[in-house]
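Enquirer: First the structure, which I've put down as structure tokens, then a few questions once you've had a look.
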Amino acid sequence: APEGSLVGWVAQAVEAVAELSVDTAAFDRAALADHLHMHFVVSDDDGEVHGVGDDLAAIKASLAGVARESIAAAAPIEERRGIVDWDVGDLPKVVESGDRDLDVRAYPALLDVGDSVALRVVTTPELQARVMRGGVRRLLILNAAPTRSSIVRKVSNDDRLAIAAGPVELGELSGDCVAAAVDRVMSDHNALPWSEAEFESLRRAVRDAAPGLAANALHKAARVIAAATEARDRLARLHAAALRPSVDDANLHLGRLVHPGFVLGAGIDRLDDIERYVRAIIYRLDHLAGAGERDQRRMAEVLPLERRYTNIVDTAGPGKLSPNMVDVRWQLEELRVATFAQPLMVKRPGQTPVSATRIAAALAG
């Protein structure tokens, strides 16, 4: 089957016949007669219609739950809830049912439901990988990770005071650090477990490494929160109307960096950078006096790229970004440092210098 869009192939045909270069954007699809558009009807085995329309993606989204339930019903594996330890034996990566006109493929996974996990089947291997990671993490937190209280006992008084002044309660932050420590061990392990033996190996690794990782993460998170409190104090003292766009932007930026769940969201290895990004906000605010217009010119260089990235994130949905696009997030943070607080840039061996041009190319690709 050919790759690409229909209009792309029509454009090539026009160019071959008429020797005219035609951009695909030049085609006006609205000019097509209605019967030339693709129409979709979704029905079940009994002929009952569940969806009709011209937008296949919208129909898929509206029927996602129904489709999953149908696949689960056909799959030769029983869904369960309330799982608190690995008691599922060897979990197959794919199960098939051939008792219908079409073979049905389903992908079993362990789903994190808070205080336990559930065995569910999902519709794609990509979704399976995302769901499974969270479920395995939850089982490891329940069975191998250090408790929140054991981590909190190691917190210094200075760190307690710093955390108390921030937006995240100590118990919640310690839980975030425990989850991030487990996530780090899972990443080092480099593969999700699908058998009891594989899970046991990962559980031993978490028991050995997670306590130290979580305690260190909590200390670093306290430093981040202390810097964020300092930044908020600076922001609270800036009342000039001319500085309002810069102050609002810095407030939004700070909120993206430091919030409940930021440790797991960023990952343990990013905490030193998160602190540097917050301190870059402080540096920016300290140099705002008499430079409001210059700061807003710099904003005009950064904000369009951030909006494009946000649109991509919103379109893809939670947890669906490619690794390259995840890296763009951190490139954007480094671009802010380079733009507003250049002395805080960190040069790493072999790292390509950050630039708006490279980020724009990555967003376009």
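Enquirer: Which whole-number percentage describes the relative contact order of the chain, with Cα contacts under 8 Å and a sequence gap of 6 or more?
Expert: Once divided by the residue count of the chain, the mean separation gives 10 percent.
Enquirer: Please list 232-243, 35-46, 183-194 highest first by mean number of surrounding beta-carbon atoms within 10 Å per residue.
Expert: 183-194, 232-243, 35-46
Enquirer: Still on this model: Sum up the lysine pairs in the chain that clear both bars: alpha-carbon distance under 30 Å and a spacing of 8 or more or different chains.
Expert: Close lysine pairs found across the chain: 7.
Enquirer: Right, another one. As a test of the formula, what do you get for the chain when each DSSP H run with n ≥ 4 contributes -39,500 (n - 2.57) and the sum is divided by the residue count, at 222 nm and rounded to the nearest 500 deg cm²/dmol?
Expert: Helix contribution divided over all residues of the chain: -19000 deg cm²/dmol.
Enquirer: Same structure again: Taking the Cα-to-Cβ direction at S97 and at Q342 and moving 7 Å from each Cα, how far apart do the two end points lie in nm?
Expert: It is 6.4 nm.
Enquirer: Using a 1.4 angstrom probe on the protein heavy atoms only, line up V17, V326, V52 by accessible area, largest first.
Expert: Correct descending sequence by accessible area is V17, V52, V326.
Enquirer: Quickly rank 80-91, 166-177 as a protection proxy: mean count of other C-beta atoms within 10 Å, highest first.
Expert: By packing density, highest mean first, the sequence is 166-177, 80-91.
Enquirer: Please sort 244-256, 138-150 by packing, taking for each peptide the average over its residues of neighbouring beta carbons within 10 angstrom, highest first.
Expert: Ranked from most to least packed, the peptides come out as 138-150, 244-256.
Enquirer: So what are the ³J(HN,Hα) numbers for the range 260-268, from phi and the Karplus equation (6.51, -1.76, 1.60; θ = phi - 60°), rounded to whole Hz, Gly and Pro as x?
Expert: These are the phi-based 3J(HN,Hα) values: x, x, 5, 5, 5, x, 8, x, 4 Hz.
Enquirer: Something else: With every protein chain left in place, what is the accessible area per residue of the chain in square angstrom, probe 1.4 Å?
Expert: With all protein chains present, the chain gives 56 Å² per residue.
The values are calculated or read from the model by the stated rules, or taken from the named source; none is laboratory data. Being a predicted model, the structure only gives us computed values, none of them experimental. When we count neighbours, we look across all protein chains shown, and the Cβ atoms used for this are built from the backbone with ideal geometry, even at glycine. These accessible areas exclude ligands, DNA and RNA; they are computed on the full protein's heavy atoms, side chains included. Shrake-Rupley method; radii C 1.70, N 1.55, O 1.52, S 1.80 Å.
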